[in-house]
1. Would you order 83, 172 from fewest to most other beta-carbon atoms within 10 Å of each residue's own beta-carbon?
2. Rounded, prolate or oblate for the stretch 48-121? Axes are the square roots of the Cα gyration tensor eigenvalues, ordered a ≥ b ≥ c, and the cut-off for rounded is a/c under 1.5.
3. What does the extension gain come out to for residue 43 and residue 164, with contour length at 0.36 nm per residue minus their alpha carbon separation?
4. With charges only on Cβ, +1 for K and R and -1 for D and E, what is the dipole size of the stretch 48-94 about its Cα centre, in debye, rounded to 20?
5. Compute the signed sum of charges (Lys and Arg +1, Asp and Glu -1) over the other residues within less than 12 Å, Cβ to Cβ, of residue 67.
6. Which of the trypsin sites (Lys or Arg not before Pro) found in the stretch 20-88 are in a DSSP loop and have at most 10 neighbouring Cβ atoms, other than their own, within 10 Å?
7. With a sphere of radius 14 Å drawn around the Cβ of residue 116, what net charge do the other residues whose Cβ falls strictly inside it have (Lys, Arg +1; Asp, Glu -1)?
8. Test of understanding: in a Gaussian network model of the chain with alpha carbons linked when under 10 Å, which of 121, 146, 64 would top the mean-square fluctuation ranking?
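Throughout, read-outs are computed from the coordinates displayed, never taken from laboratory work. In this text, all values refer to a predicted model and were calculated from it rather than measured experimentally. Using ideal geometry, Cβ is built from the backbone for each residue, glycine included, and neighbour counts are taken over all protein chains shown.
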Amino acid sequence: MKIIMLGAPGAGKGTQAKMLAEKYGIPHISTGDIFRANIKEGTELGKKAKEYMDKGLLVPDELVVDLVMDRFKADDCKKGYILDGFPRTIPQAEALDKALAAAGEKMDYAINVEVPDENIVNRMSGRRACVGCGATYHIKYNPTKVEGICDVCGKELILRDDDKPETVLNRLKVYHDQTQPLIDYYGKAGIVREVDGTVDMNDVFNAIVDILGE
Ligand code: AP5
Ligand code: MG
């Protein structure tokens, strides 16, 4: 099964993708997570990506597409995958379609997690990410057992650099300009399914499972 998670920054794509990956036994591929891992390791890709990410801008398509295509070659992608944060522009979606068509494959679903802009800034300022394993929490909606410490690996939690309110507003603008058109793009392909992302995260998950099947 091949799934794309669509939705604004902070809609809960990563939260849901992690739960779905576990349920269906397919990998969760987040381009944002890949970039953040590269930034942490100080790679050339990480240095380039950081310049854009800190401003809330998109990393150029050419840096993203090859990275994802390369990831698809790994053995764990044979049964499918969940894409989170990719594609994010029409050229990225076209590159993905072309690569899939060449392999005689296609995407099965694009799940659009809908959350209005008003809710987003509030959500982001409460998000905390683990410096060790990248697990994501929320101080109010999904708190850790011990404040500031990751439940999974015991490392420290931080606020993401791009979760400052002014950067979040920029990310939202970029989302509406460049990523939202993908809802139409995949709508034409007949694979978009909408879910309400404002309800409890377990209810969002159940709604997605209803669409994908047990
Ligand atoms: P990326 O990491 O993909 O960020 P994003 O799309 O802005 O999305 P987020 O990760 O911020 O939000 P999310 O939807 O995953 O929400 P989450 O589950 O964490 O990208 C970062 C940057 O990298 C981009 O700005 C760009 O520069 C670059 N980049 C990445 N991919 C790219 C690409 N393909 N092309 C070009 N550039 C690229 O949830 C948010 C918070 O809400 C959490 O605290 C969570 O606990 C909480 N929450 C989740 N669900 C609920 C709920 N139902 N109720 C209450 N709280 C909830
Ligand atoms: Mg995410």
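1. Taking fewest neighbouring Cβ atoms as first place, the list is 172, 83.
2. Judged from the Cα gyration tensor, the stretch 48-121 comes out oblate (a/c at least 1.5, b/c at or above a/b).
3. Difference between extended and current length: 41.2 nm.
4. 120 debye
5. Values: positive: 48, 71, 73; negative: 33, 61, 62, 66, 70.
Around residue 67, the surrounding residues sum to -2.
6. 73, 78
7. -4
8. 146
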